[in-house]
Amino acid sequence: MLDTTRSIETPEGIELSLRVAGPVVRALAWSIDMGIRSIVYSLLAVLLSYLGELGYGIFFIAIFGLEWFYPVVFEVYRQGATPGKRALKIKVLHEWGTPVNWSAAMIRNLLRVVDFLPFFYGFGLITMIINQDFKRIGDLAAGTIVVYDDEKIKMVTLPVESARAMPVSLPLEQQLAIINFAERSPQLLPARKLELANLVTTLTNSRDEVSVKTLYQLANGLMGMNNSTNQIAN
Amino acid sequence: MKQHTFEQSHQPQWDTLERWLNKIAQQEAISQEITQLPQLYRQVCQHLALARDRHYTPHLIARLNRLVLRGHQCLYQTPIRLFSQIINFMRRHFPQQVRQEWRLVSLASLLFFGSAGIVFVSIQNHPDLIYSILTTEQVHEIEVMYDPQRERWGYNREAKSDFLMFGYYIKNNISIDFQAFAGGILFGLGSLFFLLFNGIYLGSVAGHLTDMGYGVPFYAFIAGHSALELMALVLAGAAGLKLGLALIAPGRLTRLQALRCAATDSIRLIYGVAGMTLLAAVIEAFWSSNAAIEPLIKYIVGNLLWLMLMSYFLLAGRYRAT
């Protein structure tokens, strides 16, 4: 498998696909979290310095708590994402696709110190590169994966055209190609559209703009659009 | 069925599921209708399967995939009942886990206390040995710390308040325990290092101070928190060794599977270790350092704590088989 999609099977017998997050995006998320922690430390240092020794004591406890438990608490109570991960739209899940529990979050974050060895996540990076799910040592031991948290997918509208029936019966892949062409038309440059449409002149019996238009009509027909409602709802 | 008809007839269900999942994610008030969630979710699962089978467009499949994934995560997440879990853990699971791992706990104790004992005895016979283990400055520092002439013992205490040391102990000691655990994944070597290093350090400090005749301040200081703190390090080491052992001798499992089983078991020891070290830090900062308390009382309390801790590990959470 060359792509980064992994499928998991649910108890309903459905296969779901997840996109695994790689080292770069995870390193960036880590830097954001590191930045947040550094800001908190500096603020605490300034505020607590007024309290004298009591303040130093609290400061030590805060460092301990934030260094070890900052990721754990966010991953357990904030749907698997620390603020850094949230900013980059990635999150931690169990391998079977459910949110992490305390044990898994603790294991993967305590073992972070080993991933950090020999310097700056050396072991972690090597481990991530040699296994197919980009897992660092902590992920391997805890059975967790870091995946992209897909945003709500936007509504797609086919270009408004009246539906037209297929003149000939085409194999499934070719039918799908026509629908995909229509769906992706807003992202294609006009010249590219013409170029693609001119590849199938035998189907459309026309060239250039007319050919594009005919393909839209065929796509609408394949999707089962009526002439009255030309939009896929949501 | 054409895709358009399919979408039109099921869109309301997809919208409803999306709305309920949003409500649950944002922890909004949930009405009675939410009891229909599993049913609705399974219907959408079926829609996804149909959409795939009928080769509907990738866009629709992606939309349904995302919806089902969210539903799956919502429906099959483990509920977190932190409070009752902590109570149960202290009453049962922690001592049970310690007993279950008695072999590794014994091994870790042997490594830690054994190395401490050997160094202690060696220093009694050859007092100069301390300078091969610690630097001259370290030795001097320790001597100043536990000088019987001083009022308060341990870590240059006169200038700093108890709470400062409390914070310091928490940060320092629990971090050491966590590292001793995590280091175990390097085929046990990290845990071995932390157990032996700390054992040798303890043995040399105790040996040297006893040899100097500074025994009373030192033992009075460590008596109170020794049970919790030393056993916590031993357990952290044992938990780490378990990780290493799973990689060295995975038995009938693959190394990865063995590591996972070992990690799930040993993380329970680590929860206990963190609790024990926290308690030890309280005792160390507010009781052990109090020079107003007679050394004799400190010894008695320290031994009582050892006794209590051992009986907790041996006796708590035992039930007659039914």
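The values are calculated or read from the model by the stated rules, or taken from the named source; none is laboratory data. Owing to the predicted nature of the structure, the values given are computational and were not obtained by experimental measurement. FYI the Cβ positions are ideal-geometry reconstructions off the backbone, even for glycines, and counts take in every protein chain you see.
Matching residues to (1) surrounded by 21 or more Cβ atoms within 10 Å (Cβ to Cβ); (2) facing another protein chain (nearest Cβ under 7 Å); (3) modelled with pLDDT of 90 or more; (4) more than 24 Å from A:Glu75 (Cβ to Cβ):
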position: B:Val44; (1), (2), (3), (4): yes, no, yes, yes
position: B:Leu48; (1), (2), (3), (4): yes, yes, yes, yes
position: B:Tyr56; (1), (2), (3), (4): yes, no, no, yes
position: B:Arg63; (1), (2), (3), (4): yes, yes, no, yes
position: B:Tyr76; (1), (2), (3), (4): no, yes, no, no
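For residues that are of a type outside the set (A, V, I, L, M) and touching a Leu at 6+ places or on another chain (Cβ under 7 Å), scanning just the range A:31-57, find the one that is modelled with the highest pLDDT.
A:Arg37
If only residues of the range B:164-185 that are of a type in the set (Ser, Thr, Tyr) and within 14 Å of A:Tyr56 (Cα to Cα) are counted, the one that is nearest to the other protein chains (Cβ to nearest Cβ) is B:Tyr168. The single condition among (1) surrounded by fewer than 22 Cβ atoms within 10 Å (Cβ to Cβ); (2) within 14 Å of chain A (Cβ to nearest Cβ) that B:Gln138 does not satisfy is (2).
If you go through the range B:308-322 and keep only what is over 28 Å from the mean Cα position of the chain (by Cα) and of a type outside the set (D, E, K, R), you end up with B:Ala321, B:Thr322.
Of the helices (runs of 4 or more DSSP H) lying entirely inside the range B:52-146, the ones with 2 or more residues being closer than 30 Å to B:Gly275 by Cα are found at B:82-88, B:94-100, B:102-125, B:136-145.
All of B:Tyr312, B:Tyr299, B:Tyr271 fail the test of being away from chain A (no Cβ under 14 Å), within 19 Å of B:Arg92 (Cα to Cα) and of a type in the set (Ser, Thr, Tyr), apart from B:Tyr312. Out of curiosity, is A:Glu75 outside any strand (DSSP E or B), of a type in the set (D, E, K, R), within 9 Å of chain B (Cβ to nearest Cβ) and touching a residue at least 24 places away in the same chain (Cβ under 8 Å)? Taking the combined requirement at face value, the residue does not satisfy it. Condition check for B:Ala116 on (1) closer than 30 Å to B:Ala263 by Cβ; (2) at pLDDT below 90; (3) over 19 Å from the mean Cα position of the chain (by Cα): one failure, at (2).
May I ask you to verify whether B:Ser115 is of a type in the set (Ser, Thr, Tyr), more than 29 Å from A:Ile58 (Cβ to Cβ) and either surrounded by fewer than 18 Cβ atoms within 10 Å (Cβ to Cβ) or away from every other protein chain (no Cβ under 12 Å) (or both)? Considered against the rule, which asks whether it is of a type in the set (Ser, Thr, Tyr), more than 29 Å from A:Ile58 (Cβ to Cβ) and either surrounded by fewer than 18 Cβ atoms within 10 Å (Cβ to Cβ) or away from every other protein chain (no Cβ under 12 Å) (or both), B:Ser115 comes out as yes.
Pairs linking a residue in the range A:1-22 that is surrounded by 11 or more Cβ atoms within 10 Å (Cβ to Cβ) to a residue that is in a loop (DSSP other than H, G, I, E, B), with Cβ atoms under 6 Å and 6 or more positions apart or on different chains, are A:Ile8/A:Trp96; A:Ile8/A:Gly97; A:Arg19/A:Thr4; A:Val20/A:Thr4; A:Val20/A:Asp133; A:Val20/A:Phe134; A:Gly22/A:Phe134.
Within the range A:144-193, the set of residues being out of contact with any strand residue (DSSP E or B) (no Cβ under 8 Å at 6 or more places or on another chain), facing chain B (nearest Cβ under 10 Å) and more than 18 Å from B:Pro58 (Cα to Cα) comprises A:Ala163 only.
Residues that are among the small types (Gly, Ala, Ser) and modelled with pLDDT of 90 or more within the range B:299-322 comprise B:Gly302, B:Ser311, listed in sequence order. Taken over the range A:106-124, the residue count meeting the criterion of being more than 10 Å from chain B (Cβ to nearest Cβ) and either closer than 17 Å to A:Asp33 by Cβ or of a type in the set (D, E, K, R) (or both) is 3. Checked against the criterion of being surrounded by fewer than 18 Cβ atoms within 10 Å (Cβ to Cβ) and either assigned to a helix (DSSP H, G or I) or at positive phi (or both), the candidates A:Phe123, A:Phe69, A:Phe134 yield just one match: A:Phe69.
Can we say A:Ile36 is touching a helix residue (DSSP H, G or I) at 6+ places or on another chain (Cβ under 7 Å), more than 12 Å from every other protein chain (Cβ to nearest Cβ), surrounded by fewer than 18 Cβ atoms within 10 Å (Cβ to Cβ) and touching a residue at least 40 places away in the same chain (Cβ under 8 Å)? So A:Ile36 passes the test. Checking each residue in the range B:247-280 for being among the basic types (Lys, Arg) and in a helix (DSSP H, G or I) picks out B:Arg255, B:Arg260, B:Arg268. Looking only at residues of the range B:289-307 that are under 19 Å from B:Gly215 (Cβ atoms) and under 24 Å from the mean Cα position of the chain (by Cα), we find that the one that is surrounded by the most Cβ atoms within 10 Å (Cβ to Cβ) is B:Gly302. Quick check: anything in the range A:87-98 more than 9 Å from chain B (Cβ to nearest Cβ), assigned to a loop (DSSP other than H, G, I, E, B) and in contact with an Asp or Glu (Cβ under 7 Å, 6 or more places away or on another chain)? Within the range A:87-98, one or more residues are more than 9 Å from chain B (Cβ to nearest Cβ), assigned to a loop (DSSP other than H, G, I, E, B) and in contact with an Asp or Glu (Cβ under 7 Å, 6 or more places away or on another chain).
Exactly one residue out of A:Phe74, A:Phe59 is in contact with a helix residue (DSSP H, G or I) (Cβ under 8 Å, 6 or more places away or on another chain) and over 22 Å from A:Glu95 (Cα atoms), and it is A:Phe59. Here the condition is being surrounded by fewer than 20 Cβ atoms within 10 Å (Cβ to Cβ) and at pLDDT 90 or above; of B:Leu233, B:Leu189, B:Leu202, it holds for B:Leu189 alone. The residues of the range B:80-92 that are surrounded by fewer than 18 Cβ atoms within 10 Å (Cβ to Cβ) and either at pLDDT 90 or above or within 14 Å of another protein chain (Cβ to nearest Cβ) (or both), listed by number, are B:Ile80, B:Arg81, B:Leu82, B:Phe83, B:Ser84, B:Gln85, B:Ile86, B:Asn88.
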